[in-house]
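Peer 1: Questions regarding the structure given below will be posed in turn.
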Amino acid sequence: MNPEPTVADSFDEAEWLETLLAEFCAPMSEIGDLDDADLVARAATDLIDGISHWATVDEFHPAFTRAVTSATLPAATLLAAEGHTEAEILTFLRQLLAELERRRPWPDPAFLEADATEWPSAGAGLPIGWVELPTALVEHAVKATFDESEDGAPVLVLRLRGGQLVALIGEAGDRPSRFVVVLPDADGQQDADDVIGYLVGYAGLPVRTEGVQRSFTMLSDL
């Protein structure tokens, strides 16, 4: 887990909310018509699941509320959402806020970064697949960052919605690009194929299974 200050720590609250708003609205420049109920629904789902942005729905919500309440948008947001008027963007944000309120209470994001100490089978697990991607792309897909194990290997432990833990473990060294996907060696774990489907469906991770022996092993041997 990353103990370093977050990006938000370098901004005051107003600046941070404006930054989030501009980030969220930037993809609008590639959308022809914002007056689309399905678009609103998909945007709400994406925010709640935590798929496209590192910031959470709880962080975005006050940025939307601030804009709609003031009925004005910062210049950076208008520039980012080029091609749409202030009125069009504000209407979309009002509809999005209404949809988010309708869906309360919000569930946890699809992925939460967990501490390695939470792993229930210390030093052991069940390999279920592998991912071949640069570290940065894996981290962006799940919105979490790798730690370094005692032997220097990159390790990322994730908690899926519902509580299932899964780890991605790479080889020690610079710029690893292959990561083994591992489940805990413990009772009550989800089916491996369901976990793989979850990783593919929510994060788009290209999990492959050929050559993986699904037998419990010491993590240090991976």
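The values are calculated or read from the model by the stated rules, or taken from the named source; none is laboratory data. All figures in this text were calculated on a predicted structure; none of them were measured in a lab. Cβ sites come from the backbone with ideal geometry, for glycine too, and all protein chains shown count toward neighbours.
Peer 1: Kindly list, by first and then second residue, each pair from a residue in segment 46-65 that is in a helix (DSSP H, G or I) to a residue that is small (Gly, Ala, Ser), limited to pairs with Cβ atoms under 7 Å and residues at least 6 apart or on different chains.
Peer 2: These pairs meet every condition: Asp46/Ser52; Asp49/Ala110.
Peer 1: Yes or no: segment 52-63 includes at least one residue that is at pLDDT below 95, of a type in the set (A, V, I, L, M), under 30 Å from Val207 (Cβ atoms) and surrounded by 17 or more Cβ atoms within 10 Å (Cβ to Cβ).
Peer 2: No, because not a single residue in segment 52-63 is at pLDDT below 95, of a type in the set (A, V, I, L, M), under 30 Å from Val207 (Cβ atoms) and surrounded by 17 or more Cβ atoms within 10 Å (Cβ to Cβ).
Peer 1: A follow-up question, please. Tell me which of these Glu82 doesn't satisfy, since it passes every other one: (1) in a loop (DSSP other than H, G, I, E, B); (2) over 16 Å from Ala22 (Cα atoms); (3) out of contact with any strand residue (DSSP E or B) (no Cβ under 9 Å at 6 or more places or on another chain).
Peer 2: So Glu82 meets the others, but not (2).
Peer 1: Sticking with this one: Name every residue in segment 184-205 that is more than 20 Å from the chain's Cα centre (by Cα), modelled with pLDDT of 95 or more and loosely packed, with under 14 Cβ neighbours inside 10 Å, in order of residue number.
Peer 2: Asp191, Asp193, listed by residue number.
Peer 1: Return the pairs, sorted by first residue and then second, in which the second residue is surrounded by 20 or more Cβ atoms within 10 Å (Cβ to Cβ) and of a type in the set (Val, Ile, Thr), the first residue lies in segment 21-45 and is in contact (Cβ under 8 Å) with a residue 40 or more places away in the chain and assigned to a helix (DSSP H, G or I), the beta carbons are less than 6 Å apart, and the residues are 6+ apart or on different chains.
Peer 2: Leu21/Thr77; Ala22/Thr77; Cys25/Thr77
Peer 1: Can you name the residue in segment 68-126 that is within 30 Å of Leu158 (Cβ to Cβ) and free of Cβ contacts under 8 Å to residues at least 24 places away in the same chain and, of all such residues, is surrounded by the fewest Cβ atoms within 10 Å (Cβ to Cβ)?
Peer 2: The qualifying residue surrounded by the fewest Cβ atoms within 10 Å (Cβ to Cβ) is Pro105.
For (1) of a type in the set (A, V, I, L, M); (2) within 18 Å of Pro62 (Cα to Cα), each residue gets a yes or a no:
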{"site": "Ala76", "(1), (2)": "yes, yes"}
{"site": "Thr91", "(1), (2)": "no, yes"}
{"site": "Leu97", "(1), (2)": "yes, yes"}
{"site": "Trp106", "(1), (2)": "no, yes"}
{"site": "Glu118", "(1), (2)": "no, no"}
